[in-house]
1. Looking only at helices (runs of 4 or more DSSP H) that lie completely in region 392-460, which have at least 1 residues being farther than 30 Å from residue 292 by Cα?
2. Any idea which of (1) surrounded by fewer than 24 Cβ atoms within 10 Å (Cβ to Cβ); (2) under 22 Å from the mean Cα position of the chain (by Cα); (3) more than 16 Å from residue 265 (Cβ to Cβ) is the one residue 345 doesn't satisfy?
3. Taking the criterion of being over 23 Å from the mean Cα position of the chain (by Cα) and assigned to a helix (DSSP H, G or I), would at least one residue in region 368-384 satisfy it?
4. For residue 424, which of the numbered conditions (1) closer than 16 Å to residue 281 by Cβ; (2) in contact (Cβ under 8 Å) with a residue 12 or more places away in the chain fails to hold?
5. Based on this model, can you work out whether residue 347 counts as closer than 17 Å to residue 442 by Cβ and of a type in the set (D, E, K, R)?
6. If residue 151 meets every condition in (1) β-branched (Val, Ile, Thr); (2) under 22 Å from residue 217 (Cβ atoms); (3) in contact with a Leu (Cβ under 6 Å, 6 or more places away or on another chain); (4) at pLDDT below 85 apart from one, which number is that one?
7. When you look at residue 169, is it assigned to a helix (DSSP H, G or I), over 16 Å from the mean Cα position of the chain (by Cα) and within 30 Å of residue 319 (Cα to Cα), yes or no?
8. Taking region 346-371 on its own, how many of its residues are under 21 Å from residue 286 (Cβ atoms) and either in contact with a Gly (Cβ under 7 Å, 6 or more places away or on another chain) or in contact (Cβ under 8 Å) with a residue 60 or more places away in the chain (or both)?
Amino acid sequence: MDKNNKLSFLQTISYSSGNLASMLINQVIVTWAIYFYAPGRAETHVPGAVERFDFAPIVLLGYAMAFGRVVDAIADPLIGYWSDRTRSKWGRRIPFVALGTPFLVLCFIALWRPPQGTLEAVQSTLFSFSLGANNIAVTGGVVNTLYFALVLGGFFFFYTVVVAPYLSLMPEIGRSNEERMSLSTWMAVFGIIGLIIASIIAPMIIGTTFQFMKMALVMGAVTIVFFYVSITFVREKAIEPGKEETFSFVQAMKETFRNNAFVTWVICIFMFWIGFNVVMQSTPYYVTKVLGETEDKAGIYQGIMMILSVPMFVAVFFASKKFNKKTLIGLAMLLLTALTPLFYFTKFVPAHLVKGYAIFVFGIMAVPISVLLVMANAIIADIVDFDEQRTGRRREAMYFGMQGLLTKFAIAVSSVIGTQLLARFGMTAANPEGILLTGPFCAIFTFIGFLSILKYPLKK
């Protein structure tokens, strides 16, 4: 920090850039991991494209993704509690980012190299065993599913090791509402850049020749660079005597849920992540099966939403000076409830208009998404301050950790809901009903989130 304890522009930008890495690597997993393992056979021939096949059954992949998210969720409060109690000359947060990032990237890269990598290996029976009167055959596809679950669990564990302490730095280095809104806005900008890279650049690298490992190496390198930049120029503020975390782990969790501001907020964001990820997870299927585009076009449609979010950040920043966070978030959740069912109505749009319709739907979603991207971290900072008034302790990482536990559990639930919709109702060009239903399902959850944020008690 500089002498007057205010954040410099360099510190604001460098710290905020870490959100590029956070959003980038997570969005690649959300959008492409299940599609990589179960793309379905190509229904049309694309010149130069490789023959596609499923590395694992899609129904099992939903549960494997859920397993990874459960590991992630359990790790969040544990890492948060550990970080809050850490004492080192580098601070409570920076060591986690510095040491955890290489392991995070290694797990990310390993995910795109399943052990059974050919169609023959996937379909072959490796061994079998008897369970009662049944003979259970273990195929290469089952082995790939188990590999997917375990590596994904490692990825999400180290994602928490890095991201939870990184986010916990924000309320510490930005102590005024103005600094926090500035940090949140720049974090949203860099987050959008990360999402654009994941949505547009990543599928361009993948292309029609399925270059997922090349994509993983590039995205992994970008992730390392920006996480390290984020901790290079900031210094943690020394915690004031008497405000250290002294609760036991169980006490810390109980105190977190006694904070009504946190409870109402976390229900809202929990519902948002269930609904939004059901839609985002289905985007490659929507683009390839409903719109008839190739895989490399999938990110363009998501990218439209992300690019249009950037100018919206300016509007959100100025709106936050006139309206409180509760009002803006409530309006965003209500708007999402109205917009996401539009995906279902794609089936009624004439073929020559369907791509324009999809561009419109993805584009208009930029309005509510921009509000949530800017406000999410700032509102947790307010909740941490409110908790300090209640308990006399600064517990940033525990709050980010508990929010992470519940939101990642929500993403685990969304993985199961999304894959079950695809498997049960249809995920092909001939029958895309399961793909289209993700929009109305999202609306159900975002409306519940809207009802919860109405009870949020803080007026900032």
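The values are calculated or read from the model by the stated rules, or taken from the named source; none is laboratory data. As the structure is a prediction and not an experimental result, all values here were calculated from the model. Methodologically, a virtual Cβ is constructed for each residue, glycine included, from the backbone with ideal geometry; neighbour enumeration extends over all protein chains shown.
1. 396-425, 438-453
2. Here residue 345 clears every test but (2).
3. No, region 368-384 has no match at all.
4. Residue 424 satisfies all of (1) closer than 16 Å to residue 281 by Cβ; (2) in contact (Cβ under 8 Å) with a residue 12 or more places away in the chain except (2).
5. yes
6. Unmet for residue 151, out of (1) β-branched (Val, Ile, Thr); (2) under 22 Å from residue 217 (Cβ atoms); (3) in contact with a Leu (Cβ under 6 Å, 6 or more places away or on another chain); (4) at pLDDT below 85: (4).
7. Judged against the criteria, residue 169 is a match.
8. 9
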